1. Quick one: in segment 45-73, of everything that is exposed (fewer than 15 other Cβ atoms within 10 Å of the Cβ) and small (Gly, Ala, Ser), which residue is modelled with the highest pLDDT?
2. Kindly indicate the residue of segment 79-112 that is out of contact with any Lys or Arg (no Cβ under 7 Å at 6 or more places or on another chain) and in contact (Cβ under 8 Å) with a residue 40 or more places away in the chain and also surrounded by the fewest Cβ atoms within 10 Å (Cβ to Cβ) among those meeting that condition.
3. Has segment 51-70 got any residue that is touching a Lys or Arg at 6+ places or on another chain (Cβ under 9 Å) and touching a residue at least 40 places away in the same chain (Cβ under 8 Å)?
Amino acid sequence: MVVNQASLKRNGVQDFVSLRATALILTAYSLFIIGYFLTTPQVTFEAWQGLFSNLAVKVFTLAALVSMMIHTQIGLWQVLTDYVKCTKLRSVLGFILNMMSFVYVAVGLFVLWGV
């Protein structure tokens, strides 16, 4: 009998659902930003600052940033395990690229909540 244990091991179904959910969030955010550019006659600093001073936009941007990190981590894991056969190199590349993803989100949060 197979027992499902809580662990840090990857689950294919969980990865599949996570990738699709994060892709939907990122698509909705992209369409929102594109829509903003298309409907705003002149995008100035004040207009841009006004958009991102809204709490709903900040939360949506936060969701997009976290979705980007999750999507990136799963994608990197899949690509690195498929194409990098050396375990040490795969570990180093995974660490560096995941840290870059984390720093991207951290800087995004710093800029977002600094508005």
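1. Going through the qualifying residues, I end up with Ala56.
2. Here the residue is Leu109.
3. Within segment 51-70, the first condition is being touching a Lys or Arg at 6+ places or on another chain (Cβ under 9 Å), and the residues that meet it are 52.
Among the residues that remain, those that are also touching a residue at least 40 places away in the same chain (Cβ under 8 Å) are: 52.
Among the residues of segment 51-70, at least one is touching a Lys or Arg at 6+ places or on another chain (Cβ under 9 Å) and touching a residue at least 40 places away in the same chain (Cβ under 8 Å), which makes the answer yes.
The values are calculated or read from the model by the stated rules, or taken from the named source; none is laboratory data. The shown structure was predicted, so the numbers you read here are calculated from the model rather than taken from an experiment. Glycine also receives a Cβ, built like all others from the backbone with ideal geometry; neighbour counts cover every protein chain displayed.
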